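Okay, so here's the structure we're looking at.
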Amino acid sequence: MTPYYDDGTIALWFGDCLEVMAGLPDQSIGTVLTDPPYSSGGRRENSRSLRTAMTRAAEDEDWIRGDAMSTNGFIYMMRLCGLQWRRLLRQGGHILSFIDWRMASHLAAALETADLRQHPILVWDKARLGMGTIFRNQHEFIVHMTAGNPAPPNRRDVGNVLSCPPVRDGDHPTEKPDALLQKLLSVVAPDDGVVLDPFAGSGATLYAARTMGLKAIGVEADERYCEVIARRLQQIPLGLVAPRREAAESAGLPGVL
């Protein structure tokens, strides 16, 4: 396989993340920051559907590949991912994975069975109300794991509740905000490490890494989003990438490193 996009700093692969990760060398990754399909669906297995549970505006073909998996399918996939992450990460490397309230415990358990160490969960406070039948949804979770004992953080001034407005009308239905991703990377990503996002979506993680001067690898199974990612990355010429401290400060993140 050859990368869909590769500029020497950011590489993007179009295909199955498990197949791509299997071809990467041991301990070649510094950090995993990703947003897998939550596969939440309905509250019961027999009531899962994309449109009624996840969004009222998108047709199935416009939604996310893999998001209609059963709970068992999700656990199986994430355990296989976890096994690859355990092999790929440097000792102490961090994993941060977005997830919702239904699937957080399943995700953490699947990764723990891959010999990854669990840490306190992070809360993304979206600072605005979403959908909800009684109390309106205002947050998502971020499961935090490491490959063995955690490497020391780059900074110690970030709490585990992070407030940041969500992306509206982005390039992807579940695109995460750049400022939030940069803040997460500013805590756990080593300067000389590679950031891996096996569920790249519209490339938000890759874009954040590029802005901070970090190397990154992304994998995306939907070619239409590979096109989006390549276009986004080309908007930042390599010679104009901001130093990591300046990039973090421009996103409202003073005091990095």
For this session: First measure r as the distance between the Cβ atoms of Glu19 and Ile236, then evaluate 1/(1 + (r/R0)^6) with R0 = 25 Å and state the FRET efficiency to the nearest 0.05.
Result: 0.30
Exercise. In terms of Cα to Cα distance under 23 Å, which lysines are near enough to Lys215, apart from those fewer than 8 places away along the same chain?
Worked result: Lys176, Lys183
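Stretch Tyr76-Thr2 to full length: gain in nm at 0.36 nm per residue minus the Cα-Cα span?
Numbers: separation 74, 0.36 × 74 = 26.64 nm, distance 2.69 nm.
Between Tyr76 and Thr2, full extension yields 24.0 nm more.
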Seminar exercise, completed: For segment 68-167, listing trypsin sites (Lys or Arg not before Pro) in a DSSP loop whose Cβ sees at most 12 other Cβ atoms within 10 Å gives Arg128, Arg136, Arg156
For this session: Whole number in Å², please: accessible area per residue of segment 80-136, 1.4 Å probe, ligands, DNA and RNA not counted.
Result: 48
Exercise. When the accessible area of segment 144-195 is split by element with a 1.4 Å probe, what percent falls to carbon and sulfur?
Worked result: 47
Exercise. Using 7 Å Cα-to-Cβ label points, what is the Ile134/Arg224 separation (nm, one decimal)?
Worked result: 3.7
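The values are calculated or read from the model by the stated rules, or taken from the named source; none is laboratory data. Since we're looking at a predicted model, the values are computed, not measured. Every residue, glycine among them, receives a Cβ derived from its backbone with ideal geometry; neighbour counts consider all protein chains shown. For accessibility, only protein heavy atoms count, side chains too; no ligands or nucleic acids. Shrake-Rupley method; radii C 1.70, N 1.55, O 1.52, S 1.80 Å.
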